[in-house]
Amino acid sequence: MGQNATWPTRTHGPDCRNGTPHRKCNTPKLLAKHLDNGRLAEALARRYLLNRGLQVVTENYHCRYGELDLIMRDAGLLVIVETRYRRQSTFGGPIESISAVKRQKIVRSTQHFINKYPAYRNVSVRFDVIGLTGTLKAPDIHWIAGAFTLEDM
């Protein structure tokens, strides 16, 4: 491997987006901040729903189809919660940012979860969305229970 700035070298490893050698790249810090905001938004959504009587089944369920932010119980329902945070709603709010493709990934991930944990096979499922806007220190929280259904797919 050579010293070409656009390709990995033995010394520096893969380059980041701007062509700077990996060890001098600031991109991981930017990504970490973005992920921190997402984790904080999910924690705020979790607390919001716990205060309204829902119970946590699991968080950040990963499978080959995607990730489910929160899986909760509400009475006899299994509730799949997608959390979205937008500081500003200039280009649409957090809820509008969930595309049909994302909804399909959520449904497939839910099916994977139910197949993996048979105790939930006979439980009705509801898909909710929590949208947070503004600052994370004092966000506006909008909860849409039943934001979409399997029939919408």
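No lab work stands behind these numbers, since they all come straight from the coordinates. Computed from a prediction, not measured in an experiment: that's the story for all the values here. Using ideal geometry, Cβ is built from the backbone for each residue, glycine included, and neighbour counts are taken over all protein chains shown.
Between Tyr117 and Ala75, take the C-beta separation as r, use R0 = 22 Å, and let me know the FRET efficiency to the nearest 0.05.
Working: r = 19 Å, r/R0 = 0.85.
Working from the Cβ atoms, E equals 0.75.
Kindly provide the trypsin sites (Lys or Arg not before Pro) of the stretch 44-153 that DSSP labels as loop, not H, G, I, E or B, and whose Cβ sees at most 13 other Cβ atoms within 10 Å. Present the calculation step by step, with values, prior to reporting the outcome.
Numbers: sites: Arg46, Arg47, Arg52, Arg64, Arg73, Arg84, Arg86, Arg87, Lys102, Arg103, Lys105, Arg108, Lys116, Arg121, Arg126, Lys137; in loops: Arg52, Arg64, Arg87, Arg121, Lys137.
Qualifying residues, ordered by number: Arg52, Arg64, Arg87, Arg121, Lys137.
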